[in-house]
Amino acid sequence: MELARQALAVIFVLGLLGGAVFLLRRGPVAARIAGSTNWLRASAGLPRTGPVLSRVGRLALTPQHILHVVRIQRLERMQDLELVVATHPQGCSVVHAGAPSTTPAPAGQAVGSSTGI
């Protein structure tokens, strides 16, 4: 009888723990935690903002050397910024920083490739 009571107590505690983990990962609490800044801004009556950083593109040169194009969205009055970042086994380096291009590359042509070759 005592063993059954202890087993049920352990099962009950593990069930409570599992339910708490489920609610924190997938429930409404998780949505508030994940979008906490947007939720705070919306409750204060401020407009919602999107992500500050976004990945525009990626080009693998070798398995260990990759070029990333990252866009930094600034405040409304400032212009966005695009960075070309090279990652390698020793770390990463900013290759180029500037304003984002407004004209897309022609279909079927990689950005930066020459057309004469």
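Which whole-Hz ³J(HN,Hα) couplings does segment 57-65 yield from phi under the Karplus relation 6.51 cos²θ - 1.76 cosθ + 1.60, θ = phi - 60°, glycine and proline marked x?
Working through the residues one at a time gives x, 8, 9, 7, 7, 9, x, 10, 10 Hz.
Read phi for every residue in segment 5-10 and hand back ³J(HN,Hα) as whole Hz from Karplus 6.51 cos²θ - 1.76 cosθ + 1.60, θ = phi - 60°, with x for Gly and Pro.
Couplings: 5, 5, 5, 5, 5, 5 Hz.
Skipping prolines and chain starts, which residues have an amide H placed within reach, meaning under 5 Å, of the one on VAL56, given they are 5 or more residues away or on another chain?
VAL69, VAL70, ARG71
Taken together, the values in this text are just the output of simple stated rules run on the coordinates, not laboratory data. Worth saying up front: this structure is predicted, and the values here are computed from it rather than measured.
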